[in-house]
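Shown next, in structure tokens, is the structure this report addresses.
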Amino acid sequence: MAEKMTGAEMVIQALTDQGVEHIFGYPGGAALPIYDAMFQQDFVKHILVRHEQGATHMAEGYARSTGKPGVVLVTSGPGATNAVTGLTDALLDSIPLVCITAQVPTTLIGTDAFQECDTVGITRSCTKHNYLVKSIEDLPRILHEAFLIATTGRPGPVVIDIPKDIQFAVGEYFRPEAETLRHQSYRPQVDGDLAAIETAIDLMLKAERPIFYTGGGVINAGPEASENLRELAELTGFPVTSTLMGLGAFPASNPQWMGMLGMHGTYEANMAMHDCDVMINIGARFDDRITGRIDAFSPNSTKIHVDIDPASINKVVQVHVPIIGDCNRVLEEMIRIWRSRTNAPRTEAIAGWWTQIQKWRDVGSLNFKNSDTVIKPQWAIQRLYEATRKQSKEVFITTEVGQHQMWAAQHFHFDQPNHWMTSGGLGTMGYGLPAAVGVQVAHPDALVIDIAGEASVQMTMQELSTAVQYRLPVKIFILNNERMGMVRQWQDLLHGSRYAHSYSESLPDFVKLAEAYGAKGIKCDTPAELDAAIADMLDHDGPVLFDVLVEKDENCLPMIPSGKPHNEIILPDTANIGDIIDEKGRQLV
Amino acid sequence: MNAHLQPTGSAYFLTQETQLSERHTLSVLVDNEPGILARVVGLFSARGFNIESLTVSETEHDKRLSRITVVVIATPKVLVQIKAQLERLVPVHRVHDLTAEGAYLERELALIKVNGTGDHRAETLRLADAFRAQIVDATVESFVFEVTGKPSKIDSFIALMQPLGLVEVVRTGLAAINRGPEGM
Ligand SMILES: Cc1ncc(C[n+]2csc(CCOP(=O)(O)OP(=O)(O)O)c2C)c(N)n1
Ligand SMILES: [Mg+2]
């Protein structure tokens, strides 16, 4: 049923029809009609951020923890440009976002009007798709199509740029049938090719050294995909490793779990990837942080790759059995076909493989030397993990970017999907605090913790003010090493320990800073007091900024340095990491 | 075994490309909507693919469809990526690699301005006739020829005009279509 309304009202109506309860935004001249329309209803609740980048990361946290799209509303010009980092982050990590940007009136476009920027031009390469709405007739279709495109296929961010005169214009609102939207040119393939899936199962049935290499695609395919992954792993008896983005899809408490793989992955996961005979990649994309040196990447394996994005297939690594489709559908088929062939896992056939894996596990690649005088960052995360396990609340973890992020991935363990939010592809410092705010908006009763670095957290610190305003009790757990630790580590590794600008000098007093924002501040620098301080943080009913002063020069290990194959991983007992990389390796990132 | 499989543009591992580049003509069916050309061209520049020639025009007005003919020079592996990346664009309906899919026709049109008097003028006309170039403008000291054909034919004609007083050339870029009864 068509109904007459203004463009601004259509925006709110479409959000309502899409079931969007929360949007993250910041007003400005060009967006005012939409803000006015929002003011006159109460289904769509608006979270006022402090910087538009914060809005995008909040929407990402919201999306990743719920499986629903995150929605952002910003004004023209600087509002739109401030959103670019989060859009790019969402593109690289395949997070469904719909970002509405206001634009100057159509009559002023191209005149360098006040707060005009070429938003569709700027965001073309950092969105899955974007629109400039030039006529009110197009608006209802575009609004709904944006949600379809953001959430289906390989999810991603979509921008809708709406000029101010279109927001005022009156037109007919309707909710288009999903099938009428882009039915010709946009048809993501969700069902995997049956013959290919059968070939994959044939290979798996003959495998002697198999491994599941899973990624964020399993999480994007919904909670059933994680259930099915568990079932397939159980049916086959194969070991499972995952990328940073896929953590939680397979339970860390399961004995078949190998830990994360890649640059800072476990020894056993990386060695098993190197030596396997059948690799089953489900929803991962052979990122360079995973493969290391391509010509030495898993040299003797037959590779199966399940991905919903045809462009991910054979982009980096040539695979033997490509399967284009939704991870969940393909996993379901795999289970069905496996069951039709056998009733037993390949326990005996792969017993030797598991013996080998046990030897690698015994190396203890995540071990570190603890101390009673200074808090080790790994230990701080272990204590935090133990403390949260005793909580009755659901626990969500976000991170910033750096060493603390990798330590969190190594030492905090996830048994469920959608509970771990981190910036993987773009590696955006400043992601974690706003992402935590977004998660908390979606899960008001949960315990949401941002495991942070003192440098990263300052990039979007002001969102603490948002947390205070909306009484969102997020906990910011800062592993403060007074350094951009990851940068310092690379300078040790590659640049003769010349620490060019990697110190965090003149740091704020985080306790006072928290108090200035109206939050609680805690500081701890003694191992013996850490547990009590963590309890204090968890008990506080409100946002907390917890400054944990940790060992300053700890290296994040294990590490596969740039240009090295998986089996040349640096283990924790390496004394001097500065001697490992040759001249050629120094050029790499 | 992966030695021949190098990432297209990873800064992680710098290696020499070992595959040889080939020239391929792609036909891309797209929705004719604002910004579509920018999307296609932006994709090529963002991912470091090279465009040799590009032609765009609306071909089915009722359905608002355009056909983009794009000539690329790339290794087989990169060609697969180009096709997959193009297909990923929301307004792109289909991408056909005409070179890979069998027999097809290629045509291009050029307008060529040649100045000349006396003997040169007569020679110019003789050659134009041999190439079936049409005179579309003439003065006592100049001609503008219209010539259509395969790019190689146009290349040869231009080369011949060079010593005879060639002033300038405009080319449309390639239009290409597969042979036989099947449509795209
Ligand atoms: C926006 C942004 N700028 C720069 C970088 C490069 N970078 C990666 S890690 C890092 C240091 C992070 O320091 P901190 O947050 O203190 O974490 P730590 O490594 O010390 O745990 C930097 C500068 C980045 N990832 N993101
Ligand atoms: Mg730090």
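The values are calculated or read from the model by the stated rules, or taken from the named source; none is laboratory data. Quick caveat, the model's predicted, so the values are computed rather than measured. Methodologically, a virtual Cβ is constructed for each residue, glycine included, from the backbone with ideal geometry; neighbour enumeration extends over all protein chains shown. SASA here: full protein model, heavy atoms, side chains in, ligands and nucleic acids out. Shrake-Rupley method; radii C 1.70, N 1.55, O 1.52, S 1.80 Å.
Quick notes
- Against chain B, whose longest principal axis is taken from its Cα atoms, helix B:36-46 shows a tilt of about 70°.
- Mean per-residue shielding of peptide A:177-185 is 2, counting Cβ atoms of other chains within 10 Å of each Cβ.
- Average Cα contact separation per residue, chain A, under 8 Å, 6 or more apart, as relative contact order %: 14 percent
- Shielding of peptide B:82-93 by partners, expressed as the average count of other chain Cβ atoms within 10 Å per residue Cβ, is 5.
- In chain A, the calculated helix contribution to ellipticity at 222 nm averages -10500 deg cm²/dmol per residue, counting -39,500 (n - 2.57) for every DSSP H run with n ≥ 4.
- With 28 Å as the limit on Cα-Cα distance, the pairs of B:63/B:113; A:206/A:564; B:63/B:153; B:83/B:150 that go past it are B:63/B:113; A:206/A:564; B:63/B:153.
- Kirkwood-based Rg to Rh ratio, the stretch A:6-112, C-alpha trace: 0.96
- Take chain A with all the other protein chains still there, run a 1.4 Å probe, and you get 37 Å² of accessible area per residue.
- Value of D in µm² per second that Stokes-Einstein yields for the stretch B:19-97, Kirkwood Rh from Cα pairs, at 25 °C (0.890 mPa s): 195 µm²/s
- Kirkwood-Stokes translational diffusion coefficient of chain A, alpha-carbon pairs, 20 °C, 1.002 mPa s, µm²/s: 86 µm²/s
- DSSP-assigned coil residues among GluC sites (Glu not before Pro) in the stretch A:18-115, each with at most 16 further Cβ atoms within 10 Å: A:21
- Computed from backbone phi, the HN-Hα couplings of the stretch A:514-527 come to 4, 5, 4, 7, x, 10, 9, x, 9, 10, 8, 10, 10, x Hz, rounded to whole numbers (Karplus: 6.51 cos²θ - 1.76 cosθ + 1.60, θ = phi - 60°; Gly and Pro given as x).
- Derived scalar couplings between HN and Hα for the stretch A:2-15 equal 6, 9, 7, 6, 7, x, 4, 5, 4, 4, 5, 5, 5, 4 Hz in order, rounded to whole Hz, by the Karplus curve 6.51 cos²θ - 1.76 cosθ + 1.60 (θ = phi - 60°), x for Gly and Pro.
- Whole-Å distance, taken between Cα centres, linking the stretch B:23-99 and the stretch A:52-107: 28 Å
- 10 Å Cβ shell holding at most 13 others, DSSP loop, GluC sites (Glu not before Pro): longest site-free stretch of chain B: B:18-140
- Neighbour net charge for residue A:277 - beta-carbon separation under 11 angstrom, K R +1, D E -1: +1
- Helix B:151-161 vs. chain B, principal-axis angle (Cα, 0 to 90°, nearest 10): 30 degrees
- Sparse-neighbour loop sites [GluC sites (Glu not before Pro); the stretch A:275-372; at most 11 other C-beta within 10 Å; DSSP]: A:348
- Each Lys and Arg adds +1 at its Cβ and each Asp and Glu adds -1 at its Cβ; summed about the Cα centre, the stretch A:377-549 shows a dipole of about 240 debye.
- Backbone N under 13 Å from the residue B:167 label point (7 Å along Cα→Cβ), restricted to the stretch B:113-137: B:113-117, B:136-137
- GNM top mover of B:62, B:137, B:97 - chain B, alpha-carbon springs below 10 Å: B:62
- In the stretch A:377-549, a dipole from Cβ-located charges (positive for Lys and Arg, negative for Asp and Glu) runs towards its positive end, and of A:486, A:455, A:432 it is A:486 whose Cα lies farthest in that direction.
- Efficiency of FRET from Cβ geometry, residue A:184 and residue A:415, R₀ 30 Å, rounded to 0.05: 0.10
- For chain A, the share of DSSP beta bridges that are antiparallel, to the nearest 5, is 10%.
- Under Karplus coefficients 6.51, -1.76 and 1.60, residue-wise ³J(HN,Hα) of the stretch A:154-161 in Hz, glycine/proline x: 7, x, x, x, 10, 9, 10, 9
- Degrees separating the helix B:76-88 axis from the principal Cα axis of chain B, which is the longest one: 80 degrees
- For the stretch A:184-256, GluC sites (Glu not before Pro) meeting the loop criterion (DSSP other than H, G, I, E, B) and having at most 16 other Cβ atoms within 10 Å: A:208.
- For the stretch A:377-549, convex hull volume per residue from C-alpha positions, Å³: 113 Å³
- Among the listed pairs A:390/A:475; A:4/A:128; A:303/B:77, those beyond 21 Å (Cα-Cα): A:4/A:128
- Shielding by partners for peptide A:307-315, expressed as the average number of C-beta atoms from other protein chains within 10 Å of each residue's C-beta, is 4.
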